[in-house]
Amino acid sequence: MPSKAERRAARNAVATYQEAQLAVLVAHVGDAVDRFRAGELDAFGVDAVLYQYARAAKELWKFCNYLSPEIAARVLAEEPPDDWWERGAPHQR
């Protein structure tokens, strides 16, 4: 059984990771909005980016919140998950 300090450290590691990964995902949205304002992307393109963001953020949330913090922190230390943005990509038919 992990100590209270170990559990706290694991929660902090997972929270730090989640915040950093959310920042990466939000940057995709910011880029899409900038491209829309510059006339390089239409509203449907921005909508597609927002959809992918929502899916990616949901997958990230599940990883960070469904596992125990200790297990998630161990996974992050050993082999962090792949690109969340790609995980949020809609499945091609």
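Report the residue count in segment 62-93 for those that are part of a helix (DSSP H, G or I) and either surrounded by 13 or more Cβ atoms within 10 Å (Cβ to Cβ) or among the basic types (Lys, Arg) (or both).
Result for segment 62-93: 13.
From (1) within 13 Å of TRP85 (Cα to Cα); (2) charged (D, E, K, R); (3) in a loop (DSSP other than H, G, I, E, B), pick out the condition that doesn't hold for GLU40.
GLU40 satisfies every listed condition except (1).
Do we have any residue at all in segment 40-55 that's among the polar types (S, T, N, Q) and more than 18 Å from VAL75 (Cα to Cα)?
Within segment 40-55, one or more residues are among the polar types (S, T, N, Q) and more than 18 Å from VAL75 (Cα to Cα).
List every residue pair whose Cβ atoms sit under 8 Å apart, with the two residues 6 or more apart in sequence or on different chains, where the first one lies in segment 16-45 and is of a type in the set (Phe, Trp, Tyr) and the second, anywhere, is in a helix (DSSP H, G or I) and exposed (fewer than 12 other Cβ atoms within 10 Å of the Cβ).
So the pair list comes out as PHE36/ALA43.
The numbers here are math on the coordinates, done by the rules we state, and not lab data. These numbers were taken from a predicted model, which means no experiment stands behind them. Neighbour counts run over all protein chains shown; Cβ positions are idealised from the backbone, glycine included.
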